[in-house]
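See structure below.
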Amino acid sequence: MAGVIALLYLILAIALYLQAPRNWPGPPAFETIATISKLVAQTPAGQRQALIATANGADQRFAFTLTESFSGRSPGAAPDPDRGGIARRLGDGFRVTPLSEPDGRGPPRQFAIGFPDGAGLEVTIAAGVMEPPPRPLSVLVLATIALVGLNVGALTLWASRGITAPLARFASAAEEFSIDRDPSPLREEGPAEVRTAARALNRLRDRIHALFADRTRMLAAISHDLRTPITRMRLRVEFIEDGVLRGQFTRDLAHMDTMVQGALSYLRDANRREKRAAFDLSSLLQTISDEFSDIGHEIQYDGPRWIVVTGDAQQLERAVTNLVENAVRYGTQTIVRLNEETESLLIEVADDGPGIPENDRQRLLEPFMRGDEARGRIDSEGFGLGLAIAQSIAAAHGGNLTLHDNLPRGLIARIRLLRHAPPSQP
C-alpha cells in the first residue's frame, strides 16, 4: 500500500511539473512595459507622443516619458536580473538599464529603454505594483491535499482493521467459550502476537474440552457402577428383621439411588441433541403446576392460556420441574408465571422461602453446587444439579437462567427464552 501511494504521488508530481507554465523572468508588470515599448518603437516618430499619452491615461500604474535619445548606461554595466527580464521580452535592438536602486521588496521601479532607431523611453512603475500578488490555492493543490487525506485515511483504516479485527474475533471467541459447545477453532491471522494468542487459546480450549470429557466419563462410570451395589444392598435390607431399621436403610438407599440417577441423567444429557418442535408452552406450565398441586403442594399458574414456541418440550419441562421442586422444598406457596415480551418469553418460578443471598446465586448455577447451606438447611438431598440442569437447558434454547429476590420474602428463578432461538450446537 505504501509503495502504491508513493508511485501515485511520483506520477502526479511529474505531471504537474510537465504542465506548469514557463513564464519569463521578472514580475508580470515587465510584460506590459515590453508590449508598450515595442508598440511605441514601431510607431512613426510624429505619432509616438500621442501614443504615450494614451498609454499613461489607460493604465495609471505606469508613467512613460518619451526621450530623443537613450540616456541609460551601456548594457554591459552592472548586470541586473530584473533588467534582463525586460530585455529578454523586447528582443534584439533594444537596450534596458535601471534608473533606480531596488527598494528591498522588489526590482527597481524606474527604467530607461533604448529603441533601435536611437530614441529612448523612460518608465516609472507605481509603488506596490512590483510586489508579487499572493498566489491563490489552485484546484490541483486542493485535489492533491484531498487525495493525500483519502489515501492516508484508507491506509490507516486498513492497517487498524488488520490489527483490531483479529483482536475483536479473539475477544469474542474468549467471551463465548463454553464447555457445553464446541465451536470451530479461532482463525490464526493478524499480527504475529495475535496469531500466537489465538493459537494458545485454541490449544487451551482443546485441553479444557479434553479435561471436561475425562471428568464426565469418570463421573458417569462411577455413577453407573454405584447402581449395582445399591441394588444388592436393597436385596439384603429385606432380610433385616427390625422394621424401623429396615425403613431407615430403605430410605437412605432410595436417596442414594435418586442422587445417582440425577448424576447419570445430567452427564448423559450433556451430549444430548435437542428435538425441536412447536408446542404450547402455557399448557406445559399448567400441567407441571397441576401435577405438583395433586400431590399436596400449594402452587398455581399465572399467565396466558396459549403460547406456541419452538424447542424441546421434554427438556423445558425438566428445567421448570427442577425449579418447582426447589420452590416447594423451601417454601409453602409457589407461583409459576409466564410473561410475554417483544423478543423473549419469561418463565418465573416464585416461592416464599428463605431465598438465596446475592453472593451465592451465580455460584449455585454451577454443577454440583448445593444450595442447602445458602437457604439455611443442613440436610443434603442431592448433588446440586437442579439449577445447573435448568441453566444448561435454557442456554441450549438461546436463553439464560437468573435468580432474583421475591419481595417481601422468597426467591424468583427466571428463565428467559428467545422467541426465535437459534438451534443449539451438538
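Taking amide H positions as placed in the peptide plane 1.01 Å from N, state which residues far from ILE307 in sequence (5 or more) or on other chains have amide H under 5 Å from it.
For ILE307, the qualifying residues are LEU281, SER282, SER283.
Please compute the length gained on full extension between THR216 and GLU193, using 0.36 nm multiplied by the number of residues separating them and subtracting their Cα-Cα distance. List each step's numbers first, then the result.
On the way: separation 23, 0.36 × 23 = 8.28 nm, distance 3.44 nm.
Separation in residues times 0.36 nm, less the Cα-Cα distance, equals 4.8 nm.
Once fully extended, how much extra length lies between GLU31 and ALA174, figured as 0.36 nm per residue of separation less the alpha-carbon to alpha-carbon distance?
Gain on extension, GLU31 to ALA174, equals 43.9 nm.
Order HIS397, HIS224 by their accessible area, 1.4 angstrom probe, all chains in place, largest first.
On the way: HIS397 5, HIS224 105 Å².
In descending accessible area the options line up as HIS224, HIS397.
Around ALA198, under 12 Å between beta carbons, what's the net of Lys plus Arg minus Asp minus Glu among the other residues? Can you show the working numbers first?
On the way: positive: ARG169, ARG187, ARG195, ARG199, ARG203, ARG205; negative: GLU188, GLU189, GLU193.
Here the count lands on +3.
Could you give P(r) for segment 316-356, binned at 10 Å from zero, as whole percent values over all Cα-Cα pairs?
29, 49, 21, 2
What's the local net charge at LEU323, with K and R +1, D and E -1, over the other residues with C-beta under 12 Å away? Walk me through the numbers before you get to the answer.
Numbers: positive: ARG318, ARG329, ARG337, ARG414; negative: GLU317, GLU325, GLU348, ASP351.
With Lys, Arg at +1 and Asp, Glu at -1, the neighbours total 0.
Around ASN406, which amide H atoms from residues at least 5 apart in sequence, or from another chain, sit under 5 Å from its own amide H, with H modelled in the peptide plane?
LEU411, ILE412
The values are calculated or read from the model by the stated rules, or taken from the named source; none is laboratory data. Because the structure is a prediction, the values reported are computed rather than measured. For neighbour counting, all protein chains shown are included, and Cβ atoms are generated from backbone atoms with ideal geometry for every residue, glycine included. Just the protein is used for accessible areas: all its heavy atoms, side chains included, with ligands, DNA and RNA removed. Shrake-Rupley method; radii C 1.70, N 1.55, O 1.52, S 1.80 Å.
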